[in-house]
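Q: This is the structure I want to talk about, given as structure tokens.
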Amino acid sequence: MVLFAGRLHLVLLHLPIGFLVLLGALELLGLHPRWRQAAAANRFILWCIAPVAVLTAACGWLLAESSGYEERLLLLHRWTGVSVAVASCLLLWLYERGWISLYRGWLVAVVGLTLVAGHFGASLTHGSNYLRRYAPFWLGGRVPWVKENELGPDSNALSFVAVETVFGDYCAGCHGPERAKGGLRLDSLEHLRAGGDSGPVVVPGDASGSLLLKRMLLPLVHEDHMPPQGKPQPAKADLERVRAWISLGAAE
């Protein structure tokens, strides 16, 4: 029951974000004489934001009880999320007291705090480099690439570089440095070889006997299929690449 309530966090979290964005937009419109009536619904929106933000934070706190999250990042997300909930209640209080100038300044701060909390939450779910992974180099991105001869399943020199992007795109969000479900990390060869709570997931030279590939090849509706149903799924060519890499010895 606790975990069920915790998972509602992923459903609810978009509501306070959307309400805050809407509130900010209406406040900006209301500053123009022509659109002064745009802010007429702000009191109602504020009364929606405060309880939803508190409920979202409470569900997030319950979700954090499940294992597999990187402790430091989880701590940052947890307390910035709680801060958003408290700040939203204070925002409503300032508005009801009629301290509009202070309320508007605090609204800017709450939106900024929400962005920070959202960043930490996204990093927990998708990995800290999720946004930057395919960004242009001038934004700090690193577009991964491999030589053409490293991709072929018949290559004698298939290396971890050839499958690193597959794990990074489809697995590292739940099995990376920020979150290691089942004690398994796939963001580096060292961690992959170490395996997880169920033991080794790759048997070099034996693709059919490797738990990692077995889980990826299960029917999509199977409860043990990886990545889970609803998550982006690797293409057939990606699976063949993983199979070839393991069959050829899971080399570095």
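The values are calculated or read from the model by the stated rules, or taken from the named source; none is laboratory data. Just so we're clear, the structure is a prediction, and the values are computed from it rather than from any experiment. Positions of Cβ are generated from backbone atoms using ideal geometry, with glycine treated the same way; all protein chains shown enter the neighbour counts. Calculation scope for accessible area: heavy atoms of the full protein, side chains included, ligands and nucleic acids excluded. Shrake-Rupley method; radii C 1.70, N 1.55, O 1.52, S 1.80 Å.
Q: Check Gly118, Gly105 and return the single one that is under 15 Å from the mean Cα position of the chain (by Cα) and open to solvent by less than 50 Å² (accessible area, probe 1.4 Å).
A: Being under 15 Å from the mean Cα position of the chain (by Cα) and open to solvent by less than 50 Å² (accessible area, probe 1.4 Å) holds for just one of Gly118, Gly105, which is Gly118.
Q: Sticking with this one: If a residue has to be without any contact (Cβ under 8 Å) to a residue 24 or more places away in the chain and either touching a helix residue (DSSP H, G or I) at 6+ places or on another chain (Cβ under 8 Å) or open to solvent by less than 60 Å² (accessible area, probe 1.4 Å) (or both) to count, how many in region 192-205 make the cut?
A: Matching residues across region 192-205 total 7.
Q: Name the residue that is nearest to Arg97 (Cα to Cα), counting only residues in region 52-69 that are open to solvent by 60 Å² or more (accessible area, probe 1.4 Å) and not in a helix (DSSP H, G or I).
A: Taking the candidates together, the pick is Glu65.
Q: Here is a further query. Which residues, taken from region 167-182, are open to solvent by less than 40 Å² (accessible area, probe 1.4 Å) and within 14 Å of Lys231 (Cα to Cα)?
A: Answer for region 167-182, where residues must be open to solvent by less than 40 Å² (accessible area, probe 1.4 Å) and within 14 Å of Lys231 (Cα to Cα): Phe167, Gly168, Cys171, Ala172, Gly173, Cys174, His175.
Q: Is there any pair linking a residue in region 25-51 that is part of a helix (DSSP H, G or I) to one that is of a type in the set (Lys, Arg), with Cβ under 8 Å and at least six apart or on different chains, and which?
A: Here the result reads Glu27/Arg104; Gly30/Arg36, each pair linking region 25-51 to a residue that is of a type in the set (Lys, Arg).
Q: Which numbered condition in (1) among the basic types (Lys, Arg); (2) at pLDDT 85 or above; (3) within 18 Å of Ala117 (Cα to Cα); (4) out of contact with any Phe, Trp or Tyr (no Cβ under 8 Å at 6 or more places or on another chain) is the only one that Arg78 fails?
A: (4)
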